[in-house]
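J.: Starting off with a structure, shown below.
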Ligand code: NAD
């Protein structure tokens, strides 16, 4: 299977310029109107023009929770890859491979040349930053240096940790924002590195950290990625969390008991023009911050500047939920009626210890809970009878999630799932799955992907048929839902807001295959090519 290292598109729809290209994407969609019991469907042709800045920036990645298992696993993996560090295991010498990363380890099918399939690496479809070029920094409540922290994680082999020492020992996480009310009380002994002062002082300090990091490393773009301890949910207050002026005022006047540390990092990151990604389940990116991002980008566009901010969350889609969203797509998509999903996890790392307390577990339970909703909504044929149950507040699927802390297994998480579906003529089909894996080895590639893809999407502008100038993509990067367990739904457009639309309007995509197709389809459109299966292939 030949793999090419780059592509150039020959099409009147794609114009290459100096460090940028434009691509006109033409597509078919349907206008649907249901009235008096008749559904009229009108296929319509639409087009959208994308402008992509092809110059790779010098990119920084600042992780919140840098010294945790995920933070050290990602940092160690990137450094091992960059310096080509090898290590011995019982089965022989090993070399770093970035497996599990969609950007680094998957390819996109382009078509056939002389009957042979041709693929391009995902990372070469458009100009994407190389992981080896990332500049890494971040914050942690623990002052352990990154060598001590990678050893503490018990994820990498001792010989690899030893070889990483020269690169990681000098990396010490920046002091972090601490509010003991938001994370489990069992985390207190870890806190040796906090910012002193009020939450408003913390906001200013984090902004300063980002500015200094940018200046010192001459960076064009910084992505701030939350991979710290799961927080409890913030209780949203209509006088604080819904517009940025209220939010800022509450922070400044210390009316901040329901403003989480993660929301402060997010606000600071956006204030400094960064991308913010939330890898944990809590409701960090509150409506005020979502509106702030929209406003920030409108102001940038009005000034003719291009340093737009973006965000996406929540919670890395690394193991059980990823599997569930593939299994749900398979079962419900084949016309079976999935009726119960029972998920048990146990793990023994610090994440498991934190999730041992109810309020933090509850955040995780919520983020794992909605994963099947779009698949249920997408097949009303089999869930019609369950509609009434839903009206009574019941879910069409009995779905439970249990997480237990078992220290001995460390980072090696066990996930057990049982899926039971109603099938042909009242039969039942039960599938059981058991997955054992180091949790951080699954999370690290996803963290890398989301950082690289969000940076790339930050270099894209678009114009549809009604617009006279290019605009940035919506700050909520929904097309990256592939990487998130509970993708944040899009807030309503201004005109819908005026009509009293509730905060969430769009059901996020959770089905794994659909998420991958959406992202690949968008990147293909940006490049100016069509990707994915063509209906004519099997016909001709
Ligand atoms: P971890 O406990 O090893 O690391 C978290 C780190 O965050 C700790 O070093 C802690 O000191 C630090 N921290 C806590 N609060 C902080 C703050 N306010 N500012 C800065 N640092 C802070 O956990 P982990 O295994 O690395 O997981 C990190 C997060 O990722 C967790 O919330 C977890 O739920 C989430 N997550 C992990 C996976 C996975 O597969 N590993 C999947 C989905 C989500």
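J.: For n ≥ 4 DSSP H runs only, could you compute -39500 (n - 2.57) per run for the chain, divide by its residues and tell me the 222 nm figure to the nearest 500?
T.: Mean residue ellipticity at 222 nm (helix-derived): -10000 deg cm²/dmol.
J.: Using just the Cα positions, wrap the range 149-191 in a convex hull and report its mean projected area in square nanometres, one decimal place.
T.: Averaging across all directions leaves 3.9 nm² for the Cα convex hull.
J.: How big, in percent, is the set of alpha carbon pairs in the range 197-264 lying more than 17 Å apart?
T.: 52 percent
J.: Under 8 Å for C-alpha pairs, at least 6 residues apart: give me the relative contact order for the chain, rounded to a whole percent.
T.: 18 percent
J.: Assuming R0 = 56 Å, what is the FRET efficiency of residue 47 and residue 402, from their Cβ-Cβ distance, to the nearest 0.05?
T.: E(calc), rounded to 0.05, equals 0.70.
J.: Also, quick follow-up: If each residue's Cβ is checked for other Cβ atoms within 10 Å, how do 151, 161, 437, 33 rank with the fewest at the top?
T.: Fewest to most other Cβ atoms nearby, the residues stand as 33, 437, 151, 161.
J.: Can you compute the modelled spin-label distance between residue 218 and residue 145, with each label point 7 Å from Cα toward Cβ, in nm?
T.: Calculated label separation equals 2.7 nm.
J.: While we're here: May I ask you to derive the relative contact order of the range 232-375, considering only C-alpha pairs under 8 Å and at least 6 residues apart, and to give it as an integer percent?
T.: Relative contact order, the range 232-375: 27 percent.
J.: Give the peptides 96-106, 256-266, 13-23 in descending order of average Cβ contacts within 10 Å, highest first.
T.: So the peptides 96-106, 256-266, 13-23, ranked by packing, come out 256-266, 96-106, 13-23.
J.: Please compute the length gained on full extension between residue 9 and residue 294, using 0.36 nm multiplied by the number of residues separating them and subtracting their Cα-Cα distance.
T.: Length difference between fully extended and current span is 99.3 nm.
J.: Still on this structure, please answer the following. Send over the Kirkwood Rh of the chain, from the inverse of the averaged 1/r over different Cα pairs, rounded to one decimal Å.
T.: One over the average 1/r among Cα pairs gives 24.7 Å for the chain.
J.: Express in nm, to one decimal, how much length is gained between residue 112 and residue 39 on full extension, taking 0.36 nm for each residue of separation and deducting their alpha carbon distance.
T.: 22.3 nm
J.: Taking every DSSP beta bridge with both residues inside the chain, roughly what % is antiparallel (nearest 5)?
T.: Taking every DSSP beta bridge within the chain, about 65 percent pair in antiparallel fashion.
J.: For a footprinting-style exposure proxy, rank 200, 247, 308 by other Cβ within 10 Å, fewest first.
T.: 200, 308, 247
J.: Using the alpha-carbon centroid of each, what span in Å lies between the range 459-481 and the range 222-272?
T.: Measuring centre to centre over Cα atoms gives 26 Å.
J.: A follow-up question, please. For each of 275, 118, count neighbouring Cβ atoms within 10 Å of the residue's Cβ, then give the residues from fewest to most.
T.: Sorted ascending by nearby Cβ count, the order is 118, 275.
J.: From the mean inverse distance of alpha carbon pairs (Kirkwood) and the Cα radius of gyration, derive Rg over Rh for the range 305-347.
T.: 1.23
J.: What is the range 1-100's relative contact order, in percent, from Cα pairs under 8 angstrom and six or more apart in sequence?
T.: Across the range 1-100, relative contact order equals 17 percent.
J.: Could you tell me the distance between the Cα centroids of the range 1-22 and the range 162-176, to the nearest Å?
T.: What the calculation gives is 40 Å, centre to centre.
J.: Past the 25 angstrom mark, what percentage of all C-alpha to C-alpha distances in the range 124-282 do you count?
T.: Here the long-distance tail beyond 25 Å is 37 percent of all Cα pairs in the range 124-282.
J.: Under a crude label model (7 Å from the Cα following the beta-carbon direction), how far is residue 133 from residue 422 in nanometres?
T.: 5.5 nm
J.: Here is a further query. Note down the nm distance, to one decimal, between modelled labels 7 Å out along Cα→Cβ at residue 56 and at residue 201.
T.: 4.1 nm
J.: Let me ask something else about it. Label point 7 Å out from residue 466 along Cα-to-Cβ: which residues of the range 47-73 have amide N under 19 Å?
T.: Only 47-50 pass the distance filter.
Only the coordinates and a few stated rules stand behind these numbers; no lab work does. Note that the structure is predicted; figures quoted are calculated from it, not measured. Because the Cβ atoms are built from the backbone with ideal geometry, glycine has one as well, and the counts that use them run over all protein chains shown.
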